[in-house]
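Asker: Here it is: the structure, laid out below.
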Amino acid sequence: MNMGNIVKNGIVRENPVFIQFLGMCPVLAVTGTATNGLGMGLATTAVLLGSNTVIALMKNFIPSKIRIPSFIVVIATFVTMIGMVMNAYLPDLFNALGIFIPLIVVNCLILGRAESFASKKPTGASMVDGISMGLGFTLALVVLGAVRELIGSGSIFGLELLGEAYPAMGIMVQPPGAFLALGLLTALFNVVILKRIK
Amino acid sequence: MLDLSVSSLFAILVSAILVNNFVLSRFLGICPFLGVSKQVETAFGMGMAVTFVMSLASIITFVVQNYILDPLGLQYMQTIMFILVIASLVQFVEMVIQKTSPALYQSLGVFLPLITTNCAVLGLTILNIQENYNIVETIVHAIGAAVGFSLAIVLFAAIREKLEIANVPQPFKGFPIALLTAGLMSLAFLGFSGLV
Amino acid sequence: MREIIKLGLILLIITSVAGLILGGVNSMTADIIEARALEDSMEAIEAFFPESDDAGIIDDGDVLAYDLVDEVYEVLQGDTVIGYTIKTVPNGYDGPIELLTGISIEGEITGIEILSQTETPGLGDRITNDEFKDQFAGQSSDEELEVDALSGATVSKNAVVNGVNAATEVFEEELRN
């Protein structure tokens, strides 16, 4: 399989968020700021890369009947590891993401890639797939985080862009804003990008 | 010591159902919320299946945390243990229901495998530990979370049934309009904040 | 039956390997996490009491039995106790807030610091702004706190006030002499 295709699939054509609607919980929950979105995206990418690699390496040793529990253990191990490292070196981000770090385990995107890609394809391709899907996920989180942060608090990545005079629409950084922003962005994605691909 | 005052239990219950609704304000369980909400009947089935698993999972993880992980100092195994408990519980419940009540299996069976990756269940069990709930509070919190989840998904399904026949602009068809609807529901639930 | 045992064993082996790896990573990161938490607290204590030389955790069951109270530090200048710093963990809008309250031996709040919080960005997280935190310094520990409202963040503000109140309560009832 062509590596370029895998990359393109992960980031655009099968974008985990805008096309496949996978892993919606963290997508909606942590995108109050672009920084949190980026942190969550990269943490998920690291887990995806790790789990895809290990599962591709182990696929011949795991009996198919206990495939899913084994995958879950591998994924949970990487999630816990990333959580510990973040707690040690990026404590602010760790606190901001809170419960959604352990919940990376049940992000359907990761188990989905393990089941549909890593358990069938060679290790190299699985690694590329993990990184691409992870980056596609990160891209969506950062875009959503940036839009919500800009409208909701007048800044992006914590940089004040719109100044004091801008009446920040706080609702956008609150829960309803997550649904509204993602709904509008998905519609926009449908209009702009899908048309071009077709 | 067990704190069993009715008012604090009631606060936990109301908070989990309305103020911090698992789906609409904590964003837990979004996948089934968006995926299994096209018809009120299936949404209700999913709600019942989740209620069942949530209550059992909360009790078992409470025991695992307090009598296995904490005494052994293995808190870092929490995520792995909890997800394994939930996965085996789901499998077990599926087997039991299939053997004892084919009718119930007909209605709930299809949802059960989906529940393992429902982050509302794992999220609930982790929150129980984080909030330091005792066993009674844990059960009340589980019931509140499950009722909150069922309430949100059934209401949402009822709206989506009507949306099916509405004339929606092409780019908004499917997920975008569903998300916007969920946003308006979440806005309505925001009105409960400050209640507890 | 045999197959089930075999499958169970394989899963057990995978989980054990995972547990071993995590145990290793945990022992590497746990010290860093603990040291950093202590360092954060010490930095805040230094800001509350610029003249202090040292501070130590008090391990007193009576004091720690109070609601919300997590840790109590005794702040020293030479050998004299000049104040206390109390870590409380009230519940905010979205999860627990960890905060430190510095109280001088005379009963004056010398400052508060938020160690960790997960409040709503742009609303509840304004409790970490200096304008908000600075209001507490100078108030007396035996009078009711006067704190300006934070629009759209009442729950978060109240949580911090609860935390500071819990700290002053312990101080008044157990530590003040």
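The values are calculated or read from the model by the stated rules, or taken from the named source; none is laboratory data. The model shown is predicted, which means the values in this text are computed figures rather than measured ones. Cβ atoms come from the backbone with ideal geometry, glycine included; neighbour counts cover every protein chain shown.
Asker: Quick check: is even one residue across the range B:161-170 part of a helix (DSSP H, G or I) and either modelled with pLDDT under 85 or under 28 Å from B:F10 (Cβ atoms) (or both)?
Answerer: Step one: of the range B:161-170, the residues part of a helix (DSSP H, G or I) are B:161-163, B:170.
Checking which are either modelled with pLDDT under 85 or under 28 Å from B:F10 (Cβ atoms) (or both) leaves us with B:170.
The answer is yes, given that some residue of the range B:161-170 is part of a helix (DSSP H, G or I) and either modelled with pLDDT under 85 or under 28 Å from B:F10 (Cβ atoms) (or both).
Asker: Kindly indicate whether A:S153 is closer than 21 Å to C:R126 by Cβ, more than 14 Å from chain B (Cβ to nearest Cβ), surrounded by 20 or more Cβ atoms within 10 Å (Cβ to Cβ) and not aliphatic (A, V, I, L, M).
Answerer: So A:S153 passes the test.
Asker: Enumerate the helices (runs of 4 or more DSSP H) found wholly within the range B:6-105, keeping only those where 2 or more residues are in contact (Cβ under 8 Å) with a residue 60 or more places away in the chain.
Answerer: By residue number, B:6-14, B:30-35, B:40-64.
Asker: Another one. Based on this model, can you work out whether A:I82 counts as under 25 Å from A:N52 (Cα atoms) and at pLDDT below 90?
Answerer: Values: under 25 Å from A:N52 (Cα atoms): yes; at pLDDT below 90: no.
Considered against the rule, which asks whether it is under 25 Å from A:N52 (Cα atoms) and at pLDDT below 90, A:I82 comes out as no.
Asker: Restricting attention to the range C:62-94, which residues are charged (D, E, K, R) and over 15 Å from C:E113 (Cβ atoms)?
Answerer: First, pick out the residues of the range C:62-94 that are charged (D, E, K, R): C:62, C:67, C:70-71, C:74, C:79, C:87, C:94.
Within the range C:62-94, C:D62, C:D67, C:E74, C:D79, C:D94 qualify.
Asker: Test A:A96 against the stated conditions and say whether it is out of contact with any Lys or Arg (no Cβ under 8 Å at 6 or more places or on another chain), outside any helix (DSSP H, G or I) and over 27 Å from A:I66 (Cα atoms).
Answerer: Answer is no for this residue.
Asker: Continuing with the same structure: Looking at B:T117, B:T125 in this structure, which one is part of a loop (DSSP other than H, G, I, E, B), within 14 Å of chain A (Cβ to nearest Cβ) and not small (G, A, S)?
Answerer: Checking each option against the conditions leaves just B:T117.
Asker: Based on what the data block shows, is A:I75 away from chain B (no Cβ under 14 Å), of a type in the set (A, V, I, L, M) and touching a residue at least 12 places away in the same chain (Cβ under 8 Å)?
Answerer: Working: away from chain B (no Cβ under 14 Å): no; of a type in the set (A, V, I, L, M): yes; touching a residue at least 12 places away in the same chain (Cβ under 8 Å): yes.
No: the conditions fail for A:I75.
Asker: Follow-up question, since we're still on this one. Tell me yes or no: at least one residue of the range B:33-47 is within 14 Å of another protein chain (Cβ to nearest Cβ), farther than 22 Å from A:P26 by Cβ and crowded, with 19+ Cβ neighbours inside 10 Å.
Answerer: Within the range B:33-47, not a single residue is within 14 Å of another protein chain (Cβ to nearest Cβ), farther than 22 Å from A:P26 by Cβ and crowded, with 19+ Cβ neighbours inside 10 Å.
Asker: Another question about this same structure. Give the residue, chosen from A:P69, A:P91, that is surrounded by fewer than 24 Cβ atoms within 10 Å (Cβ to Cβ), closer than 23 Å to C:G8 by Cβ and facing another protein chain (nearest Cβ under 8 Å).
Answerer: After ruling out the rest, the residue left standing is A:P69.
Asker: For the range C:114-135, which positions are acidic (D, E) and surrounded by fewer than 21 Cβ atoms within 10 Å (Cβ to Cβ)? Show your work before the answer.
Answerer: Of all residues in the range C:114-135, those acidic (D, E) come to C:119, C:125, C:130-131, C:134.
Those that are acidic (D, E) and surrounded by fewer than 21 Cβ atoms within 10 Å (Cβ to Cβ): C:D130, C:E131, C:D134.
Residue-wise test of (1) in contact with a helix residue (DSSP H, G or I) (Cβ under 9 Å, 6 or more places away or on another chain); (2) more than 12 Å from chain B (Cβ to nearest Cβ); (3) part of a helix (DSSP H, G or I); (4) buried (at least 23 other Cβ atoms within 10 Å of the Cβ).
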position	(1), (2), (3), (4)
A:G130	yes, yes, yes, yes
A:A140	yes, yes, yes, yes
A:L144	yes, no, yes, yes
A:P167	no, yes, no, no
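Asker: Return yes or no: is C:I114 among the β-branched types (V, I, T), assigned to a strand (DSSP E or B) and more than 28 Å from B:Q130 (Cβ to Cβ)?
Answerer: So C:I114 does not fit the description; no.
Asker: In the range C:41-61, how many are part of a helix (DSSP H, G or I) and under 18 Å from C:G83 (Cα atoms)?
Answerer: Looking only at that region, the number is 8.
Asker: Being surrounded by fewer than 24 Cβ atoms within 10 Å (Cβ to Cβ), within 16 Å of the chain's Cα centre (by Cα) and aliphatic (A, V, I, L, M) is the filter here, so list the residues in the range A:110-126 that pass it.
Answerer: A:L111
Asker: So for the range A:65-73 (the condition being polar (S, T, N, Q) and either assigned to a helix (DSSP H, G or I) or touching a strand residue (DSSP E or B) at 6+ places or on another chain (Cβ under 8 Å) (or both)), does at least one residue qualify? Walk me through it before giving the result.
Answerer: Restricting attention to the range A:65-73, the residues satisfying the condition of being polar (S, T, N, Q) are A:70.
From the residues that got through so far, the ones that are either assigned to a helix (DSSP H, G or I) or touching a strand residue (DSSP E or B) at 6+ places or on another chain (Cβ under 8 Å) (or both) too are A:70.
There is at least one residue in the range A:65-73 that is polar (S, T, N, Q) and either assigned to a helix (DSSP H, G or I) or touching a strand residue (DSSP E or B) at 6+ places or on another chain (Cβ under 8 Å) (or both).
Asker: Now for a separate question. Can you name every residue in the range C:39-60 that is under 17 Å from the mean Cα position of the chain (by Cα) and either among the polar types (S, T, N, Q) or farther than 19 Å from C:I114 by Cβ (or both)?
Answerer: Across the range C:39-60, the qualifying residues are C:S41, C:G56, C:I57, C:I58, C:D59, C:D60.
Asker: I need the full set of residues from the range B:66-111 which are away from chain A (no Cβ under 13 Å) and closer than 22 Å to C:G23 by Cβ, in order please.
Answerer: B:N66, B:Y67, B:I68, B:D70, B:P71, B:L72, B:G73
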